[in-house]
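Peer 1: Below you will find the structure I want to go over with you.
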Amino acid sequence: MSAHPYDHGHTVAGWTGCGIALAGTALLGVGVCTVSGPLLAAGAAVDVLALLVTWVLHLAGWGKASGPRPREEWSWRVRDSGARAGHAECLGCRMAGRRGGTAVAPARPVTSAPAAPAETDAVVVGG
């Protein structure tokens, strides 16, 4: 059993993107140490590739939305069922045109006149 009551978000998208980004950052480091322009460019290109691969995997359902999730969906081997519609508050989903979540409808202006006050029986106290 886990020592914490929430999911840390370990996903195929996250691990794959992190692994590719680690390789790209290592290339950048070697490029800095050797003062090599081609290695710096290759490292930057691999880091951009990591970003794109992570985004595509997230959109394919191998990422997770932020926030609490049911315990049965905590495993990194479980695809996210809500990825097709998009995740609310997710920049990657919004960039892909997936709005997701529950959108709040804009408030409609009140066009009708206010209701007339109801007639009540006045009670005079102490008179």
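The values are calculated or read from the model by the stated rules, or taken from the named source; none is laboratory data. None of the values given here were measured: they were computed from a predicted structure. Every residue, glycine among them, receives a Cβ derived from its backbone with ideal geometry; neighbour counts consider all protein chains shown. Accessible surface areas use protein heavy atoms only, side chains included; no ligands, DNA or RNA. Shrake-Rupley method; radii C 1.70, N 1.55, O 1.52, S 1.80 Å.
Peer 1: Leaving ligands, DNA and RNA out of it, report the carbon-plus-sulfur percent of the accessible area of segment 22-98 at a 1.4 Å probe.
Peer 2: C and S atoms contribute 70 percent here.
Peer 1: Would you mind getting the accessible area per residue of segment 32-92, heavy atoms of the protein chains only, 1.4 Å probe, in Å²?
Peer 2: I get 65 Å² per residue for segment 32-92.
Peer 1: Once you put a point 7 Å from the Cα of ALA85 and another 7 Å from the Cα of CYS33, both along the Cβ direction, what distance in nm separates them?
Peer 2: Taking the simple label geometry, ALA85 and CYS33 are separated by 4.9 nm.
Peer 1: Between ALA44 and TRP74, take the C-beta separation as r, use R0 = 41 Å, and let me know the FRET efficiency to the nearest 0.05.
Peer 2: E(calc), rounded to 0.05, equals 0.75.
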